[in-house]
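Working notes for the structure below.
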Amino acid sequence: MQRVALIGYGVMGGTHANAYKEMPGAELVCVIDIDEAKRKKAEETLGVRTYATFAEAVAAEDFGILDCCLPTFLHPDAVIEALDAGKHTLCEKPMALNVEECKRMIAARDRSGKHLQVCHVLRWWPEYVKLKEVVRSGKAGRLRNVTCTRIGGTPLWSWDHWLEDVERSGGALIDLHVHDIDWVCAMLGRPKAVFASASEIDRATGPAHVYATYLYDGIAAFAEGAWDQASGFEMACRVTCEDAVVSYSSAQNPTLQLQTASGSEPIPFDKVALDGAAAEEGNISDLGGYYAECKYFVDCIESGTTPSVVTAEEAMQNIEIAQAEFESLRTGKSVELP
Ligand SMILES: NC(=O)c1ccc[n+]([C@@H]2O[C@H](COP(=O)([O-])OP(=O)(O)OC[C@H]3O[C@@H](n4cnc5c(N)ncnc54)[C@H](O)[C@@H]3O)[C@@H](O)[C@H]2O)c1
């Protein structure tokens with residue numbers, strides 16, 4: 001049984017806490033949050049003990065895993081403190097706001113001998129996983145290009161409005177669009193160069209709508225990430241292959257399709273198998289990918305396996321590419337990735 005402490009009981013902390021509720025092999029022992037109201041909510045909703053700081057929790061509780069769902073600018077210090085205290089650490093994406101901070105986190109992982117996994121959830125999202133499997137099977141023919149979309153409204157709900165502050169969140173480019181940077185790399189590996197454009201860059205919040213092109217040998221990929229939509233949210237990935245298009249969109253029905261010259265057909269995929277009360281209530285698709293990423297980490301620790309679905313080095317590469325996109329926005333030129 002893996003004993004888990006969770007720090008940061010906001011939107012994502014609530015999602016991870018719900019995942020542990022149903023998870024065999026894991027027990028959420030406490031929640032750490034600076035905000036007294038959040039601690040009270042955790043005590044009432046989850047029935048766990050709560051603490052205001054990691055230091056208090058570590059002094060009072062026995063746990064082996066820290067799950068970090070703090071605002072992004074707080075990830076590096078919190079993750080390093082946990083690893084230095086000998087805790088395996090799961091950290092929400094984006095890993096950090098720059099490569100230097102990611103390097104500090106990786107150095108802490110290496111000196112601790114503990115595991116560090118960054119939650120790039122698309123690697124566990126059932127439709128994305130299936131889409132990649134279909135493309136890799138060769139059924140659709142040779143891959144030609146990849147197009148990703150992730151568009152929604154500005155997040156106005158965050159603690160202390162940290163998400164609306166590009167200095168603390170990285171804005172839409174790092175906070176939201178990093179999912180698709182990660183997915184493009186999961187599909188195609190490290191790009192040779194990146195070019196980014198944005199129509200308007202607010203000094204406080206950063207680019208609200210970014211278009212990025214990734215160059216490979218003979219293949220191009222494109223990703224659009226936006227926080228400027230009046231309403232709704234859509235995420236999508238279209239992979240054009242020589243014989244067919246494999247497409248996922250949260251806005252299309254069925255969500256996952258194979259389109260050939262003779263028409264479209266749905267691609268069946270396995271939803272995440274949930275246990276306990278969640279399974280009895282049916283599949284909670286919104287929780288599925290998050291449940292799977294947390295369960296994967298818990299299972300790795302339980303079995304003494306090094307997590308490998310997305311490594312900290314890959315998560316750092318995502319931040320390197322995001323920084324290259326910021327540079328491209330500044331200079332108006334494409335940026336080589338050596
Ligand atoms: N994978 C995804 O789809 C996804 C979705 C949303 C957010 N995220 C990521 O999850 C992380 C958290 O985002 P969120 O939307 O949950 O933020 P949030 O603002 O909703 O929650 C942050 C929580 O951290 C607490 N907090 C702030 N400073 C603290 C401190 N020093 N010590 C302890 N607690 C502190 C706040 O009280 C709050 O409860 C971010 O890195 C974000 O990018 C990922």
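The values are calculated or read from the model by the stated rules, or taken from the named source; none is laboratory data. Computed from a predicted structure; not experimentally measured. Please note: Cβ atoms are built from the backbone with ideal geometry, for glycine as well, and neighbour counts cover all protein chains shown. Only protein heavy atoms, including side chains, enter the accessible area calculation; ligands, DNA and RNA are left aside. Shrake-Rupley method; radii C 1.70, N 1.55, O 1.52, S 1.80 Å.
Surface calculation, 1.4 Å probe, protein heavy atoms: S199 sits at approximately 110 Å² accessible.
Taking label points 7 Å from Cα along the Cα-to-Cβ direction, E100 and A52 give a separation of 3.1 nm. When only alpha carbons of the chain are considered, Rg and Dmax amount to 19.9, 64 Å.
With a Förster radius of 30 Å applied to the C-beta separation of E167 and D299, the computed FRET efficiency comes to 0.25. Report summary: the helix-based calculation at 222 nm, which adds -39500 (n - 2.57) for every DSSP H run with n ≥ 4 and divides by the residues of the chain, gives -11500 deg cm²/dmol. Here the range 40-87 exposes an accessible surface that is 50 percent carbon and sulfur, computed with a 1.4 Å probe and the other protein chains kept in place.
For the range 5-164, the alpha carbon positions stretch 57, 37, 36 Å along the principal axes, listed from largest to smallest. The orientation-averaged projected area of the convex hull spanned by the Cα atoms of the range 83-145 comes to 6.2 nm². Sites listed here are GluC sites (Glu not before Pro) in the range 110-206 whose DSSP assignment is loop and whose Cβ has at most 15 other Cβ atoms within 10 Å: E200.
Does a label point 7 Å from the Cα of F233, set along Cα-to-beta-carbon, have any residues of the range 118-146 with amide nitrogen under 18 Å, and which are they? Residues 119-129 qualify, since their backbone N sits under 18 Å from the label point. Towards the positive end of the charge dipole of the chain, with charges on Cβ (+1 Lys, Arg; -1 Asp, Glu), say which of A52, I32, A85 has the farthest Cα. The residue sitting farthest along the positive end of the dipole is A85. For the pair S158 and R111, label points projected 7 Å from Cα toward Cβ lie 2.9 nm apart.
Placing +1 on each Lys and Arg Cβ and -1 on each Asp and Glu Cβ, with no other charges, gives the chain a dipole about its Cα centre of roughly 780 debye. Accessible area per residue for the chain is 43 Å², calculated with a 1.4 Å probe on protein heavy atoms, without ligands, DNA or RNA. Accessible surface of the range 188-237, 1.4 Å probe: 54 percent of it comes from carbon and sulfur atoms.
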